[in-house]
Each structure stands twice: as structure tokens, then as C-alpha cells.
1. How do the pairs read when you match residues in region 107-123 that are within 24 Å of Leu83 (Cα to Cα) with residues anywhere that are assigned to a loop (DSSP other than H, G, I, E, B) and charged (D, E, K, R), using Cβ under 7 Å and keeping only pairs 6 or more apart or on different chains?
2. Could you please let me know if Gln201 is surrounded by 13 or more Cβ atoms within 10 Å (Cβ to Cβ), touching a Lys or Arg at 6+ places or on another chain (Cβ under 7 Å), at pLDDT 80 or above and not acidic (Asp, Glu)?
3. Would you mind listing the helices (runs of 4 or more DSSP H) fully within region 1-90 where at least 1 residues are under 20 Å from Thr170 (Cβ atoms), in contact with a helix residue (DSSP H, G or I) (Cβ under 6 Å, 6 or more places away or on another chain) and at pLDDT 70 or above?
4. Look at region 138-162 and say how many of its residues are exposed (fewer than 15 other Cβ atoms within 10 Å of the Cβ), in contact with a helix residue (DSSP H, G or I) (Cβ under 8 Å, 6 or more places away or on another chain) and under 12 Å from Ile113 (Cα atoms).
5. I need every pair where a residue in region 132-156 that is under 22 Å from Ala108 (Cα atoms) and assigned by TED's automatic domain parsing to the domain that holds Gly57 has its Cβ under 8 Å from the Cβ of a residue that is in a helix (DSSP H, G or I) and of a type in the set (Gly, Ala, Ser), sequence separation at least 6 or different chains.
6. Within region 208-220, is even one residue over 19 Å from the mean Cα position of the chain (by Cα) and not in a helix (DSSP H, G or I)?
7. Pairs needed: first member in region 194-212, without any contact (Cβ under 8 Å) to a residue 12 or more places away in the chain; second member anywhere, assigned to a helix (DSSP H, G or I); C-beta distance under 6 Å; at least 6 residues apart or different chains.
8. Checking Asp150 against (1) under 19 Å from Gly123 (Cα atoms); (2) touching a Leu at 6+ places or on another chain (Cβ under 9 Å); (3) assigned to a helix (DSSP H, G or I), which test does it fail?
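The values are calculated or read from the model by the stated rules, or taken from the named source; none is laboratory data. Quick caveat, the model's predicted, so the values are computed rather than measured. Note: ideal-geometry Cβ built from the backbone for every residue, glycine included; neighbour counts use all protein chains shown.
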Amino acid sequence: MLPGVALVAQAGADAASRAVVATERAQDGRAIGRRTVAVLPFVVTSPDTTLDVLGYGFAEFLSDDLAHSHRLVMVERFRLADLQRESDLSLTASVDPETRVRAGRLLAAQHMIFGTIDAQEAGALSIDERSVNVDTGNEEMHRTSSASLDAIFRAERDLAMDTFSMFGITLTPDEKRALYERVAPAFRAFVAFSHGVRAEQQGDDATAIASFRDAAVLDKTFKLASSKLAAAQQRISTRAATAFTAASASKDDAASKATPKDPHASAPSLASGAAPSGTLSAPSTAAAGAASSKGSTKGADPSPARKKTAQTTHKLVKSSAP
């Protein structure tokens, strides 16, 4: 594209963007942009310690359901792992409010969702969800609900729908259909999946991949487990390729620094009598000229001056003879 045409096209795009923003602000006097949301693992309290990990799977299900709306951008679980590794923050619902707000800002999230699940021996669940506005630090939603352990997935979906309402979001028919198409996985598969989500947030990709694979094997219809498995495998491949490229570049750089270049090696010195490649040296040129001159005069008749000189020389030699 020509520079002038590109500038005109950019100007047109900027004008269109300004018009869209102006239209959004005219509705209720505020912009209706996309919201960035992070869902922290829910904290599970239960006499059965094998259920502790379910808070990670529950949070991942909630994040995946909320992602069905085009108005929300969900923070990926591996970004939480990166933040935990770099800042030494504990990202669960049990952290203090200041840490949650700080984590939200580091993740560039506008809203942080977290909660607790109280699981009793009889299988009864009490679910508590909260949402905090990262910019203000204020709590914007607090919701409690009850369900049985075998109805945990229906309770999570109801929670997602209430969260949409809290944000003032109405799903399109296609978004709502996609949300309700997911089939609840087998409970054993969900437990394995939850182990994978926890490992992923802890930065243990190897364990995450093994757990997601187990979940997918235990329930062949568990699409979220299969997609998480593929994403984790791709992430490892990308990191390995990046590390290999960086190591190769570092090795090449070290080799170039260890072998300094000879400033006299690139071009021969004319002062030493060496001729640059592709040219003849002065002696060679002279010799070639002499050979060419000799070759051009061989067999030709001598000039009159040379004949006269030869005759004179012959007479002098003859007269000097005894």
C-alpha cells in the first residue's frame, strides 16, 4: 500500500473508532467496553481432604463459562502461575484483600472473583462467591448458595449466570446455547481435572499434562480437559523452542567474541608487494608486456634503421679483425 493511501486508510479507521466510542458513551453515559476478569481458586473446607483440590476445578469451570460472553476477557490460568512465580504471591481466595487487589492490578484485571466451598460429610455444599472491583477495591457482589456434591456443576452454572447479571450482561442466544451445551463430566474425571488446574497454576506443566490426560481418558466427552491438555502441550513446545533459539543465539554470540577478527586478513597489503585477487602485480604486468612485445615482433622484417645499424656494426667488427 502506498504511504499516502495508508495514511488515508488509518485516518478513516481512527474516525470510525471515535464514532464507536462516542456511541457507547452515549448509552447510559458510560463506555460498554470489554471487562477483564480473573477467577481465583475457591478454597474448599471439608473433612475429606481429597476434595480440597476441587476449588481449582470449580474456578476453571466458572472462568470457562464466563468466557462465553464476548463482553468478558478471562485471565488465563498460566498467567496466574507466572505471577506467583515472579512475585511470590499466593493467589487463592484466602489471601487478604490488599493482596487480591495488588494481584488484580499486576494481571491487568478489572475484576477479581473468588470464594469458598464448604463441603460437609453428608455431601451438602455451601458455596460463597465474591467479586471485587480492582480499581476501587470495593466488593461488588456477594452471593451464597447451597447444593449437593453431585449437583456442583449446576450450582456453578447458576453462579455464572448470576455473575453475568451482576455485570449487566445479557447473553446472545448463541452464547447461551453454547453455555448450556456442556455436559457435566464424571466426578472422577473432574477430580483429575482439578489436580491438573492446580498443577498448572503452580507452574508444574508436566503434572498438569498428566492430570488433564487422565481426565480426558476417564471421560471421553470431557472437552474442557482435552482443550486444556492441548494448550499445555503447546505451551511446553513453545517454551522449548524459545529456549533453544535463545541458547543458540547466546552460543553464537560467545563464539564470535572469543575469536577476534584480524584487521589485516580481509585485504592483502599493497605495501608488501602482494596484489589483490583478480589483478596482476607490477612485475607480472611487465613480464606479460615484454612477452606480448616479443611475440608481436618475432618473424617481422627489421626496420631500415636497424638494418643500417647492423651493417655498421659488421664493418667495425671486420676492420678490427687481424
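1. Gln110/Asp135
2. The answer is yes for Gln201.
3. Details: elements: 3-26, 54-66, 77-87.
Here the list reads 54-66.
4. The qualifying residues number 1.
5. Qualifying pairs under 8 Å: Val132/Gly104; Val134/Gly104.
6. Yes, the conditions are met somewhere in region 208-220.
7. none
8. So Asp150 meets the others, but not (2).
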